[in-house]
1. Out of (i) 35, 27, 14; (ii) 34, 24, 18; (iii) 27, 23, 22, which label holds the value of semi-axes √(5λ) of the Cα gyration tensor in Å that was computed here?
2. Helix 221-233 against the longest principal axis of the chain: what's the angle in degrees, Cα atoms only, rounded to the nearest 10?
3. How do the peptides 54-63, 260-269, 126-135, 285-294 rank, highest first, by the average count of neighbouring beta carbon atoms within 10 Å per residue?
4. What percent does the relative contact order of the stretch 2-308 come to when contacts are Cα pairs within less than 8 Å and at least six residues apart?
5. What's the ranking of 173-183, 189-199, 41-51 by average number of surrounding C-beta atoms within 10 Å, highest first?
6. Just subtract the alpha-carbon distance of Ile221 and Val246 from 0.36 nm times their residue separation and send over the number in nm, one decimal.
7. At 7 Å along the Cα-to-beta-carbon direction for both Asp204 and Leu10, put a label point, then send me their distance in nm to one decimal.
8. Roughly how tilted is helix 269-300, in degrees to the nearest 10 and between 0 and 90, from the longest Cα axis of the chain?
Amino acid sequence: MILAQRLAVLTAFATLFLVGVGVLVRATGSGLGCPDWPTCHGSAIPPGHREALIEFSHRFTAMVVGFLVVAVAILAWKHYRHVPIITWLATATVPLVGIQGILGAITVKRELPPEVVATHLLTAMLVLSCEIAVAVAMYLEDPAHADQLSAAIEAPKRVGSLAFGALAWLAVTMWIGGYMAESGASTACSGWPLCNGSALPAADDHEVTHMLHRYLAGALIAFVIPLVVLAWRQRHELQWGRGFAVLLGSLYLAQVAVGALNVWFTFPDVLTITHTVLAASIWFTLSGAVALTFYAQVREARPHALSKAGAPA
């Protein structure tokens with residue numbers, strides 16, 4: 001069991017790393033560094049130029065994540081066959097990763113259409129949420145953590161409900177952000193927080209897309225502040241409430257600051273990558289909160305499951 005838990009956590013962090021590598025590809029203009037797929041310039045080994053190496057590193061990382069997802073599914077069936085939600089969620093993540101690979105191929109063959117690039121990013125976020133949910137469920141189903149499961153059952157659920165709403169809002173925000181970056185709308189507004197001196201975009205499509213992303217990102221604070229306050233107030237009932245409140249608040253403030261710096265300094269690679277990785281980290285944090293608050297309810301429907309669990313491996 002312990003091996004399965006650790007591998008699930010590793011897979012979640014590897015998926016987060018994969019998002020960072022994907023943003024590196026976009027930020028450096030290396031999306032077509034390998035103009036064909038699955039080979040790179042007709043070869044299994046990329047040529048030595050920078051763009052090809054960066055693009056191929058993304059493909060290689062995606063392949064590693066794919067193998068990790070399959071390994072987690074295998075271990076789920078081996079150690080958690082008595083917990084259907086774990087086995088089926090871990091198994092369902094495998095074709096989801098396959099869909100992610102297909103979107104990657106379409107992205108290359110169609111030469112980086114913005115809507116496909118944005119969907120490719122969002123699919124990676126769904127994979128990340130699934131792996132976090134599997135990792136949390138595996139951990140709580142371990143007989144060694146029965147006391148933490150009991151605490152989770154009694155924990156307030158409003159934090160999870162708000163976190164789920166924030167995830168839905170963030171999904172739209174990230175999709176628009178991915179579309180904005182690939183469509184050329186990133187530089188449509190020369191100032192921050194105003195867009196070319198105005199709080200409202202002009203009729204230009206790029207300005208509208210850019211400001212829509214800003215409006216959505218700014219409005220996320222309507223979820224972040226209640227979540228931080230509620231989790232902090234309930235930190236004694238929620239074992240992870242204190243860390244969640246501090247982490248979410250810090251990530252959001254950093255994300256806003258980096259977003260502003262991106263505009264002021266015209267989207268340098270380091271800030272562009274940091275901006276998306278921070279967004280993915282917020283997604284990671286919110287997904288963890290949803291899994292921790294709601295998995296216990298699923299577990300309550302099967303009160304006999306822990307008695308069937310094997311000893312930790």
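Values quoted throughout were computed directly from the atomic coordinates according to the rules given, and no laboratory measurement underlies them. Model, not experiment: these values are computed from the prediction. All Cβ positions, glycine included, derive from the backbone under ideal geometry; neighbour counts span all protein chains shown.
1. (i)
2. Between helix and principal axis, roughly 30 degrees.
3. Working: 54-63: 18.9, 260-269: 14.1, 126-135: 25.0, 285-294: 23.3.
Ranked from most to least packed, the peptides come out as 126-135, 285-294, 54-63, 260-269.
4. Numbers: 394 pairs, mean separation 68.5, N = 307.
That works out to 22 percent.
5. Numbers: 173-183: 22.1, 189-199: 13.7, 41-51: 12.1.
The most tightly packed comes first, giving 173-183, 189-199, 41-51.
6. Details: separation 25, 0.36 × 25 = 9.00 nm, distance 1.44 nm.
The span from Ile221 to Val246 would gain 7.6 nm if fully extended.
7. 4.8 nm
8. Compared with the principal axis, the helix lies near 20 degrees.
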